[in-house]
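Take a look at the structure set out below.
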Amino acid sequence: MSIETSEKPVVNRAKFATGLGVLTATLGSAVGLGNIWKFPYLAGSNGGAAFLLVYIVCMLLIGIPVMISELTMGRAARSNAIATMQKLAPKKQPWWLIGAAGVISAFLIMAFYSEVAAWVFAYIFKAIQGGILSTDPEVTTGAFNGLVTNPGSSLIWQWIDLAVVGFIILLGVNKGIEGATKRLMPILLALLILVGVRSITLPGAGEGLEFLFKPDFSKLTAATFLVAMGLAFFKLSVGMGTMITYGSYFRDDQDIPGTAIRVAFSDLAVSLLAGIAIFPAVFAFGYEPNSGPSLLFLTIPSVFASMPLGNFFMVIFFLLTAIASIGAQISLVEVPVAFLEEKFNMSRKMATLTTIIGIALFGSLAALSSSTLADVKVFGMTFFDLFDYTTSNILLPLGGLFIAIFISWVWGYKKIENAISNNGSLSNQRVIKILYWSLLVVTPILITIVLLNGLKIIQ
Ligand code: PFF
């Protein structure tokens, strides 16, 4: 089915036909550049295995409970994020602000996410031309820097990416994209496994695996916890209402906790595979694990350079990464589009165009962050870093915090129980109890502590 987020009367609202459809659509939003680009570079800059462990704890105690909450609320209200909060909250209480913050988050994430997708698009093209296949850090670093320091190509590739995303939404072929993602995801996995196998058989690869899997807890700081928690939100697309919208399409008999857990673990598997593909290569070829956002674009060409048919596989690799990124971007763009349609009564076409043009304008600040605007810093960060930091480390955790508080304190146990057990037809009482207590106490307290500590409000 196609994901259409405009507000519809309950009876007309489309639903996913099958459980598998639900799983792949939800996974389509979760899996993206977060796994292949962001996870490896954050793990690389924050101490490797110790970071991975903290990330997994955040996923279990924060990410999954918030995801279940969003899906449950969306299904109960069968509306987009803002309208869901309005429907479920007591009159006159401003819980809809969570939805409004989500619209801003989606916009800010798209501003920098579309630029990373732009680099992926540019790399497909560069790979086809054959100039970047090299194990020499000087060559690969030169190629990446050449791209990001060029304002023209940074902007043009971003516009190409946004045009592709906009066209897919406008043509209403989301259905096609979901179908394609379903078929292409296994190929991306197979390719990641292939790259991983090559990477771990490189001379000196052991050091990379040790970096990723042997924790050194002395590397953990308050900032590490904040970044790991931010990644858990970003990865699972939660804290901003995306999953509320997806939940609104779930069938009444869909097992929400089971789906959320499956999505989270499949998503983790993709991130781990990306890590296994990248870290051995980091050490084998002498890159710095803390190279930052360039890490993927430096190491992957080096692994492919050490493989038969490397250039061919590299083209496919970046192509599939681009497709995975488009699935995630569609779910992001849907948030402001649904809002504009609903709030200003815009047609879907108008709402999509407005959103895409807005992102292109605002996104140019992120696109030019390594060139024209490299010296413009806000709170010591370029626009690219600022958009990334404020969404993952502030807005999404705050969204998650209020969602957890809302569902457990305001909505309450009885409603959660009815909604998640499908009015008693699923026997998942134990899961519901654990979830309820987690949302009531554990999740909000953890988010608050990590936020206050990580932002240095308390030390
Ligand atoms: N989860 C996506 C990724 O990891 O690439 C990014 C994302 C998509 C974040 C949708 C938030 C969202 F609402």
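The values are calculated or read from the model by the stated rules, or taken from the named source; none is laboratory data. Fair warning: this is a prediction, and the values are worked out from it, not measured in the lab. All Cβ positions, even for glycine, are placed from backbone atoms using ideal geometry, and neighbour counts span all protein chains on display.
Of the helices (runs of 4 or more DSSP H) lying entirely inside segment 303-418, those containing at least 1 residues that are out of contact with any Gly (no Cβ under 7 Å at 6 or more places or on another chain) and hydroxyl-bearing (Ser, Thr, Tyr) are 310-343, 348-367, 383-390.
Here are some residues: Phe297, Phe279, Phe283. Which one is within 19 Å of the chain's Cα centre (by Cα) and assigned to a helix (DSSP H, G or I)? Steps first, answer last, please.
Numbers: Phe279 fails: within 19 Å of the chain's Cα centre (by Cα); Phe283 fails: within 19 Å of the chain's Cα centre (by Cα).
The unique qualifying residue is Phe297.
The residues of segment 120-140 that are closer than 22 Å to Ala328 by Cβ and either within 14 Å of the ligand (Cβ to nearest atom) or free of Cβ contacts under 8 Å to residues at least 60 places away in the same chain (or both), listed by number, are Val120, Ala122, Phe125.
Here is a check on your reading of the model: is Thr354 hydroxyl-bearing (Ser, Thr, Tyr) and either within 16 Å of the ligand (Cβ to nearest atom) or modelled with pLDDT under 90 (or both)? If you could, list the steps in order and put the result at the bottom.
On the way: hydroxyl-bearing (Ser, Thr, Tyr): yes; either within 16 Å of the ligand (Cβ to nearest atom) or modelled with pLDDT under 90 (or both): no.
Here the answer is no, as Thr354 does not meet what is asked.
Across segment 33-48, the qualifying residues are those that are of a type outside the set (Ser, Thr, Tyr), in a helix (DSSP H, G or I) and over 14 Å from the mean Cα position of the chain (by Cα), and the one among them that is surrounded by the most Cβ atoms within 10 Å (Cβ to Cβ) is Ala43. Pairs linking a residue in segment 242-253 that is on the phi < 0 side of the Ramachandran plot to a residue that is assigned to a loop (DSSP other than H, G, I, E, B) and of a type in the set (A, V, I, L, M), with Cβ atoms under 7 Å and 6 or more positions apart or on different chains, are Tyr249/Ile3; Tyr249/Ala14.
Using the structure shown, decide if Ala351 is buried (at least 24 other Cβ atoms within 10 Å of the Cβ) and without any contact (Cβ under 8 Å) to a residue 24 or more places away in the chain. So Ala351 passes the test.
Please specify each residue of segment 26-56 satisfying the condition of being of a type in the set (A, V, I, L, M, F, W, C) and either within 12 Å of the ligand (Cβ to nearest atom) or at pLDDT below 80 (or both). Outline the logic, then answer.
Kept after step one, since they are of a type in the set (A, V, I, L, M, F, W, C), are these residues of segment 26-56: 27, 30-31, 33, 36-37, 39, 42-43, 49-54, 56.
Passing the criteria: Leu27, Ala30, Val31, Leu33, Ile36, Trp37, Phe39, Leu42.
In this structure, is Ile109 buried (at least 20 other Cβ atoms within 10 Å of the Cβ) and in a loop (DSSP other than H, G, I, E, B)? No.
Residues are listed down the side, and each one gets a yes or a no for (1) touching a Phe, Trp or Tyr at 6+ places or on another chain (Cβ under 9 Å); (2) at pLDDT 95 or above:
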position	(1), (2)
Met185	no, no
Arg198	yes, no
Gly204	yes, no
Leu209	yes, yes
Ala222	no, no
Phe225	no, yes
Met229	yes, yes
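The rows are residues; the columns are (1) more than 16 Å from the ligand (Cβ to nearest atom); (2) free of Cβ contacts under 8 Å to residues at least 40 places away in the same chain; (3) crowded, with 22+ Cβ neighbours inside 10 Å.
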| site | (1), (2), (3) |
| --- | --- |
| Gly208 | yes, no, yes |
| Lys214 | yes, no, no |
| Phe234 | no, no, yes |
| Asp255 | yes, no, no |
| Leu296 | no, no, yes |
| Val303 | yes, no, yes |
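Mind checking which residues of segment 257-270 are within 14 Å of the ligand (Cβ to nearest atom) and not small (Gly, Ala, Ser)? Spell out the reasoning first.
Narrowing segment 257-270 to residues within 14 Å of the ligand (Cβ to nearest atom): 260, 263-264, 266-270.
Matches in segment 257-270: Val263, Asp267, Leu268, Val270.
Selection of first residues in segment 106-118 that are within 14 Å of Gly358 (Cβ to Cβ) and of a type outside the set (Phe, Trp, Tyr) and of second residues that are within 9 Å of the ligand (Cβ to nearest atom) and part of a helix (DSSP H, G or I), restricted to Cβ pairs under 7 Å at least 6 apart or on distinct chains, gives the following pairs, ordered by first then second residue: Ala106/Leu332; Ala106/Val335; Leu108/Thr391; Ile109/Leu332; Ile109/Thr391; Met110/Gln329; Met110/Leu332; Ser114/Gln329. One residue stands out among those in segment 373-416 that are within 16 Å of the ligand (Cβ to nearest atom) and among the aliphatic types (A, V, I, L, M): the one that is surrounded by the fewest Cβ atoms within 10 Å (Cβ to Cβ), which is Ile394.
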